[in-house]
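Okay, structure first, notes after.
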Amino acid sequence: MSSASSVYASLRSIGAYAPPKVLSNCDLETMVDTTDEWITKRTGIKERRIAAEDEFTSDMGAKAANKAIERAGIAKEEIDLVLCATVTPDYFNMPSTACIISDKLGIHNVQAFDISAACSGFVYLLSIAKAFIESGMKRNILIIGAEKFSSIVDYTDRSTCILFGDGAGAAIISATSNKSEAIIDIHASADGAYADFLVTPSPGSVHPASQSSLDEGLNFVQMKGNETFKLAVKTLTNDVIAILKKNSINTEDILHFVPHQANYRIIKAVGDALKMSEEQVVLTVGKYGNTSAASIPMAINEIYESGRLKKGDLMLLDTFGGGLTWASALLPFAGETIQH
Ligand code: ACO
């Protein structure tokens with residue numbers, strides 16, 4: 001629904017950054033009791049990127065944001081809100097990573113804040129940006145999903161360390177009066193009854209940082225992988241069916257299905273349930289692993305930079321993560337097609 005003044009929110013540009021250092025399955029074979037074969041078969045992941053020790057979530061976020069701003073063709077001064085989704089902020093929990101990124105970009109005196117919705121963070125941000133724009137409060141919003149997941153991964157725990165990678169993605173969401181450019185719909189939801197499926201126990205008010213919390217490894221991500229897997233397939237499929245039905249859009253109308261890149265088997269199960277063809281489904285999980293809030297914008301950036309994503313193409317985003325949270329979005333790409 002648009003506001004009475006018919007202002008719509010549109011995805012005007014995309015950008016991403018992946019750190020150069022590659023951690024391959026073969027590297028992991030030397031670190032934990034695992035094999036390239038197991039990881040490939042169970043997850044589809046072959047390698048993931050790892051940020052340098054002195055490269056922080058905000059650094060990656062700022063690099064992705066710079067690309068998105070440049071591609072949107074707007075001046076930094078035109079940005080009136082900066083939002084960052086991350087569960088691996090520079091600091092737990094002040095200042096926000098959005099504030100640090102703003103400073104790194106030279107954006108000052110502009111509202112900035114973080115949200116925490118794990119892997120659903122970027123699509124949650126889309127819903128917030130849409131509401132801010134359609135209410136008339138803002139006109140050009142920079143949204144960023146950025147994660148240095150390696151900072152909360154225990155590289156002696158084979159059940160989690162094989163899954164995650166670092167990276168960032170960003171987009172400019174702008175006001176438009178052109179309805180054909182508008183974000184069509186976003187579903188975002190959560191169920192805290194499953195909060196214990198994905199947890200980083202410390203630091204926080206439950207387990208403030210202490211020697212014992214470190215000794216117990218409470219600063220590392222913990223996941224009930226198998227339970228999360230089953231719920232992810234069911235929830236993602238149902239959510240997509242619901243958003244398509246509500247908007248009277250058929251699966252075959254979707255040019256790019258961009259699911260959260262956590263596990264190839266989850267993507268395949270959802271894609272098959274929706275009868276998506278291989279050409280429709282965007283896959284980056286093999287080369288980046290699960291980059292949490294950065295996963296969806298990095299995947300969109302991938303098809304943008306390859307020239308596959310063209311102005312006006314209809315995308316369906318679908319994501320699921322800690323909280324538990326999930327979200328889907330239907331939107332056209334309102335930016336210019338890349339020129340090679
Ligand atoms: N190498 C070899 N064996 C392993 C490894 C490994 N890296 N990890 C686990 N195993 C073993 C287990 O110990 C177990 O052995 P057992 O049968 O002897 O007990 C066996 O493999 C099977 O383990 P499962 O955990 O049941 O394996 P599963 O098929 O479920 O795959 C995985 C695990 C890949 C984690 C999967 O469950 C998954 O992808 N879950 C969903 C992740 C997700 O979507 N998360 C949400 C987003 S993340 C976010 O929000 C930040």
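In this structure, H108 and A273 have a Cβ-Cβ separation that, at R0 = 45 Å, corresponds to a calculated FRET efficiency of about 0.45. When the listed pairs K63/K130; K41/K130; K275/K311; K130/K287; K41/K275; K21/K76 are checked against a 28 Å cut-off, the alpha-carbon distance exceeds it for K41/K130; K130/K287; K21/K76.
For segment 4-179, relative contact order (Cα pairs under 8 Å, six or more residues apart, normalised by length) works out to 36 percent.
For the chain, the membrane-span-like helix rule (DSSP H, alpha carbon extent of at least 30 Å along the helix axis, mean Kyte-Doolittle at least 0.0) picks out 225-246; this says nothing about an actual membrane. In plain terms, the chain from T337 to D27 could stretch by 107.9 nm, reckoned as 0.36 nm per residue minus the Cα-Cα distance. Is segment 214-340 best put as rounded, prolate or oblate by its Cα gyration tensor, with a ≥ b ≥ c the root eigenvalues, rounded for a/c under 1.5, and otherwise prolate when a/b is larger than b/c, oblate when not? Taking the square roots of the gyration eigenvalues as a ≥ b ≥ c, segment 214-340 is oblate. How high is the FRET efficiency between V199 and Y91 when r is their beta carbon distance and R₀ equals 22 Å, given to the nearest 0.05? About 0.70, to the nearest 0.05. Annotation for K310 and L214: the two label points, set 7 Å from Cα along the Cα-Cβ direction, are 5.6 nm apart. For the pair N226 and T251 in one chain, pulling the backbone fully straight at 0.36 nm per residue adds 6.2 nm over the alpha carbon distance. Between segment 191-214 and segment 63-105, what is the C-alpha centre distance in whole Å? With segment 191-214 and segment 63-105 each reduced to a Cα centre, they are spaced 26 Å. For GluC sites (Glu not before Pro), the sites in segment 259-340 that DSSP calls loop and that have at most 14 other Cβ atoms within 10 Å are E278, E279, E336.
Coordinate-derived values only; no laboratory data. This one's a predicted model, so the numbers in the text were calculated from it and none came from an experiment. Neighbour counts run over all protein chains shown; Cβ positions are idealised from the backbone, glycine included.
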